[in-house]
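Worksheet: the structure to be examined is printed underneath.
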Amino acid sequence: MTDQPVALISAGASGIGLACARALAEAGHRVLTLDIDAEAIARFQNEFGEGSAVVCDVADAGQVEVAFHSLIDPHQRVDLLFNNAGIAGPQLPVEDIEVAAWQSTIDTDLNSLFYLTRLAIPLMKSRRSGLILNMSSSAGRYGCPMRSPYVAAKWAAIGLAQT
């Protein structure tokens, strides 16, 4: 365990998550990620070091808990949690959305935030310090036709951040 701050990013192996990982590493953080894309995880580990990433479906609470502990336990700290994972979900009228498609979007875009946040907070409290960022979008402030589960999750992400 070192004094180097630790940042954990969900879906950090590509896109916005990877760009943020690089910026945080440049700022001195040890950057860790959990991501569903095994190939992206391999590239992430090549860039950020062995043990920096775990393949994980953040929509699955059990997988999140195992991945979190495998990444964080060696460091015993999380200074920054960036809940970045998200999917677009179905783009249909609400009456045409299958329950499984609704649930998949909510699990990824909302429940994953809860799964990671509840695991990170005790470590942050023990250090009396920490920062949690929840990725949202303009859909979290304004309605968006044909995007019900995505909009619901993004509104809730903002609400969770404000509690």
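Would you point out the residue of the stretch 3-35, among those that are free of Cβ contacts under 8 Å to residues at least 40 places away in the same chain, touching a strand residue (DSSP E or B) at 6+ places or on another chain (Cβ under 8 Å) and part of a loop (DSSP other than H, G, I, E, B), that is farthest from Ser136 (Cα to Cα)?
Among residues in the stretch 3-35 that are free of Cβ contacts under 8 Å to residues at least 40 places away in the same chain, touching a strand residue (DSSP E or B) at 6+ places or on another chain (Cβ under 8 Å) and part of a loop (DSSP other than H, G, I, E, B), the one farthest from Ser136 (Cα to Cα) is Gln4.
With respect to Arg141, determine if the residue is within 22 Å of Gly17 (Cβ to Cβ), without any contact (Cβ under 8 Å) to a residue 24 or more places away in the chain and of a type outside the set (A, V, I, L, M).
Answer is yes for this residue.
Can you give me the number of residues within the stretch 39-87 that are of a type in the set (S, T, N, Q) and in contact (Cβ under 8 Å) with a residue 60 or more places away in the chain?
Counting residues in the stretch 39-87 that are of a type in the set (S, T, N, Q) and in contact (Cβ under 8 Å) with a residue 60 or more places away in the chain gives 3.
Collect the residues in the stretch 52-73 that are surrounded by 13 or more Cβ atoms within 10 Å (Cβ to Cβ) and either over 18 Å from Leu116 (Cα atoms) or not hydrophobic (A, V, I, L, M, F, W, C) (or both), keeping them in residue-number order.
So the first thing to find is which residues in the stretch 52-73 are surrounded by 13 or more Cβ atoms within 10 Å (Cβ to Cβ), and the list is 52-61, 63-68, 70-72.
Ser52, Asp57, Asp60, Gln63, Glu65, Ser70, listed by residue number.
In the set Ser136, Ser70, Ser129, Ser112, which member is part of a loop (DSSP other than H, G, I, E, B), among the polar types (S, T, N, Q) and under 17 Å from the mean Cα position of the chain (by Cα)? Don't jump to the end; show me each part of the working.
Working: Ser70 fails: part of a loop (DSSP other than H, G, I, E, B); Ser129 fails: under 17 Å from the mean Cα position of the chain (by Cα); Ser112 fails: part of a loop (DSSP other than H, G, I, E, B).
Every option except Ser136 fails the conditions.
Since every read-out is calculated from the coordinates, none of them should be taken as a lab result. Please read all numbers here as calculations on a predicted model, not as lab measurements. When we count neighbours, we look across all protein chains shown, and the Cβ atoms used for this are built from the backbone with ideal geometry, even at glycine.
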